[in-house]
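S.K.: Here's a structure for you.
The values are calculated or read from the model by the stated rules, or taken from the named source; none is laboratory data. Just so you know, these numbers come straight off a predicted model, no measurement behind them. We place every Cβ from the backbone using ideal geometry, glycine too, and count neighbours over all the protein chains shown. When the accessible area is computed, the model is the full protein with side chains, heavy atoms only, and any ligands, DNA or RNA have been set aside. Shrake-Rupley method; radii C 1.70, N 1.55, O 1.52, S 1.80 Å.
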Amino acid sequence: MADSTNVLALEYPILPVLAERRSPRAYTSQPVSADALNQLFAAASSAASCFGEQPWRYLVGARETSLEAYDKILTSMGEFNQAWAKAAPVLAVSIAKLHFSHDGNPNAWAKHDVGQATATLAIQATELGLQIHQMAGFAVDKIQAAFAIPAGYEPVAVFTIGYPGDPAGLPDGLRDKETAPRARKPLAEFMFEGTWPGLKDERYDQAPV
Ligand SMILES: Cc1cc2nc3c(=O)[nH]c(=O)nc-3n(C[C@H](O)[C@H](O)[C@H](O)COP(=O)(O)O)c2cc1C
């Protein structure tokens with residue numbers, strides 16, 4: 001069932017699944033089936049990548065079937081993220097292969113392509129009634145050590161996967177974040193047709209996130 005909580009309203013119409021994708025902190029306890037997980041990562045693999053390198057790798061920990069990995073990912077997170085992420089039935093780590101396979105040169109687009117793959121996974125998740133929440137708030141070295149990740153591969157982000165739950169169950173501060181209206185910068189602040197904005201437009205560089 002589509003997630004109808006806090007759907008994004010923009011200046012122009014976009015695909016419903018894009019507007020419905022969001023980063024929840026409340027999850028139901030419903031596990032994610034192996035089939036659904038496979039669909040998510042198949043969707044990730046459909047992304048474009050520089051030289052077709054497909055530099056993305058994912059480590060997955062499901063509470064029901066791979067608790068040890070789940071705990072390793074959870075404990076790599078900062079306390080703020082652990083507090084809500086532990087409600088999600090599945091945790092994952094995106095990892096970039098940093099060099100091209102065909103010539104061994106550094107792949108400057110590796111993290112770009114990992115981001116594209118995870119963004120595609122997120123849309124597939126929304127389509128299946130799931131949501132993911134990506135995080136930078138984790139310790140890269142803890143993931144590297146816990147999973148013995150070899151040189152040449154770098155953890156990029158961790159993320160939850162789960163069915164969105166009732167925000168009412170969250171602590172006060174987080175509930176407010178979950179239900180606050182979502183917004184985006186207007187196109188005029190990031191889409192510059194023809195020229196980079198001149199001095200009179202410098203405020204664009206100071207737009208709030
Ligand atoms: C690379 C990345 C890192 C993020 N890190 C965190 C994080 O550490 N903790 C957190 O609560 N949210 C984190 N977020 C979620 C963003 O805050 C969220 O995507 C943003 O506020 C937009 O909300 P939306 O995804 O619901 O549209 C991260 C998102 C991305 C893409």
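S.K.: Could you tell me how many of the residues in the stretch 172-193 are open to solvent by 80 Å² or more (accessible area, probe 1.4 Å), within 15 Å of the ligand (Cβ to nearest atom) and either of a type in the set (Asp, Glu) or not in a loop (DSSP other than H, G, I, E, B) (or both)?
M.R.: So the answer is 2.
S.K.: I would also like to ask the following. If I go through the stretch 180-209 residue by residue, how many of them are of a type in the set (Val, Ile, Thr) and modelled with pLDDT under 90?
M.R.: To start, the set of residues in the stretch 180-209 that are of a type in the set (Val, Ile, Thr) comprises 195, 209.
Next cut, modelled with pLDDT under 90 only: 209.
Total satisfying the criteria: 1.
S.K.: While we're on this one: Here are some conditions: (1) open to solvent by less than 60 Å² (accessible area, probe 1.4 Å); (2) among the aliphatic types (A, V, I, L, M); (3) under 14 Å from Phe147 (Cα atoms). Val114 meets all but one. Which one does it not meet?
M.R.: (3)
S.K.: When you go through (1) touching a residue at least 60 places away in the same chain (Cβ under 8 Å); (2) within 16 Å of the ligand (Cβ to nearest atom) one by one for Lys86, which number turns out not to apply?
M.R.: Failing condition for Lys86: (1).
S.K.: Then there is this: Hey, does the stretch 159-169 have a residue that's out of contact with any Pro (no Cβ under 6 Å at 6 or more places or on another chain), of a type in the set (S, T, N, Q) and open to solvent by 30 Å² or more (accessible area, probe 1.4 Å)?
M.R.: So far as the stretch 159-169 goes, no, none of its residues is out of contact with any Pro (no Cβ under 6 Å at 6 or more places or on another chain), of a type in the set (S, T, N, Q) and open to solvent by 30 Å² or more (accessible area, probe 1.4 Å).
S.K.: Restricting the stretch 126-143 to residues that are within 12 Å of the ligand (Cβ to nearest atom) and aliphatic (A, V, I, L, M), which is nearest to Ser4 (Cα to Cα)? Don't jump to the end; show me each part of the working.
M.R.: First, the residues of the stretch 126-143 that are within 12 Å of the ligand (Cβ to nearest atom): 126, 131-139.
From what's left, aliphatic (A, V, I, L, M): 132, 135-136, 139.
Numbers: Ile132: 15, Met135: 22, Ala136: 26, Ala139: 33 Å.
The selected residue is Ile132.
S.K.: Also, I was wondering about something else. Which one is most open to solvent (accessible area, probe 1.4 Å), of the residues in the stretch 144-158 that are away from the ligand (no atom under 14 Å from the Cβ) and either of a type in the set (Gly, Ala, Ser) or under 25 Å from Ala2 (Cβ atoms) (or both)? Talk me through it step by step, then tell me what you get.
M.R.: Looking only at the stretch 144-158, we keep the residues that are away from the ligand (no atom under 14 Å from the Cβ), and these are 144-153.
Remaining after also requiring either of a type in the set (Gly, Ala, Ser) or under 25 Å from Ala2 (Cβ atoms) (or both): 145-146, 148, 151-152.
Values: Ala145: 79, Ala146: 38, Ala148: 80, Ala151: 99, Gly152: 27 Å².
Among them, the one singled out is Ala151.
S.K.: Anything in the stretch 51-82 that is away from the ligand (no atom under 16 Å from the Cβ), more than 15 Å from Val114 (Cα to Cα), open to solvent by 50 Å² or more (accessible area, probe 1.4 Å) and among the polar types (S, T, N, Q)? List them, or say none.
M.R.: Within the stretch 51-82, just Thr65 meets the criteria.
S.K.: Also, I was wondering about something else. Which one is farthest from the ligand (Cβ to nearest atom), of the residues in the stretch 1-25 that are free of Cβ contacts under 8 Å to residues at least 40 places away in the same chain and not in a loop (DSSP other than H, G, I, E, B)?
M.R.: Pro16
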